[in-house]
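Read the structure below first, then the notes.
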DNA sequence: GCTTAATGTTTACAGGCGTAGTCGAATTGC
DNA sequence: GCAATTCGACTACGCCTGTAAACATTAAGC
């Protein structure tokens, strides 16, 4: 029996996430393009970026399509899914799955801008009706 | 503000966090007590727990006080500081430091219970006045 | 047809993490 | 006093991650 696409979260590391961000911003891209884009923030060599891409492909977070002699990379995992998963992981692990305490902590740290408050208020109103 | 240099966050790993939780719940405790408590969730051997405690001491997240032949361990890092730091890290890394998108994601995932909403609403009201 | 430049694959290596065994000193029971 | 127990410290080891070099292959240019 095949274990088809069984439960395989296969965590994406922080460095890998940086690569995903540039693919989410635009895709598909070649390895060289990804490298150029990602190097605006982190100073990585091309081999490093290629390693990260390979690992992402192995984790099935990125798909490759051959384009002549090279590959074009595009994200398989959506940004929304990634963000959702990570957020939930944090909330589960640290706050027993409840978002309110998280919110309280952010508020306490003054990590909430006036805009944030307004936006959240608006979201709340929407959810409430 | 007498906090000149020596600002070294020194990330606490997930396994270490489990140990911190039992120390936050009650302290001080001996290594054996910590092990008993933590083993209700994760099935670790005593040496494993001791290693984690040592690493936490090295990271200055836990303090030791000798008690006869053994040590009593207590948290140095407060739970609030830890949660605050982790939350902020996530928000910074994934949502450009803005809490509203995080909130939106949690809402979308239906990770917000009715109680959460009520609590957050109350917090908002408090922050707003 | 060769050399070269581009590109993916393999291999490497240090540091952190999860997990745990062993060692040596201190303590307690007899 | 001496053996058994109890601790913390040291050591170990495999996996993952960050970072990158070396290698292989292939398309392109001369």
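The values are calculated or read from the model by the stated rules, or taken from the named source; none is laboratory data. Not measured: the values here are computed from a predicted model. Here the Cβ is made from the backbone with ideal geometry for all residues, glycine too, and neighbour counts use every protein chain on show.
Data for the structure
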item: Within the range B:16-72, considering residues that are within 14 Å of chain A (Cβ to nearest Cβ) and modelled with pLDDT under 95, the one farthest from DNA strand D (Cβ to nearest atom); result: B:41
item: Pairs, first free of Cβ contacts under 8 Å to residues at least 24 places away in the same chain in the range A:72-83, second assigned to a helix (DSSP H, G or I) and within 16 Å of DNA strand D (Cβ to nearest atom), C-beta under 9 Å, six or more apart; result: A:76/A:56; A:76/A:57; A:83/B:94
item: Subset of the range A:24-33 (residues that are away from DNA strand C (no atom under 13 Å from the Cβ) and out of contact with any helix residue (DSSP H, G or I) (no Cβ under 7 Å at 6 or more places or on another chain)); result: A:25, A:26, A:27
item: Residue under evaluation residue A:109, criteria (1) touching a strand residue (DSSP E or B) at 6+ places or on another chain (Cβ under 6 Å); (2) within 30 Å of residue B:25 (Cβ to Cβ), criterion not met; result: (1)
item: Residue check for residue A:62: under 16 Å from residue A:20 (Cβ atoms), within 14 Å of DNA strand C (Cβ to nearest atom), buried (at least 20 other Cβ atoms within 10 Å of the Cβ) and in contact (Cβ under 8 Å) with a residue 40 or more places away in the chain; result: yes
item: Which listed residue, of B:112, B:94, B:83, B:102, is closer than 19 Å to residue A:89 by Cβ, in a loop (DSSP other than H, G, I, E, B) and at the interface with another protein chain (Cβ under 9 Å from one of its Cβ atoms); result: B:112
item: Qualifying residue in the range B:34-42 (condition: in contact (Cβ under 8 Å) with a residue 12 or more places away in the chain, part of a helix (DSSP H, G or I) and within 11 Å of DNA strand C (Cβ to nearest atom)); result: yes
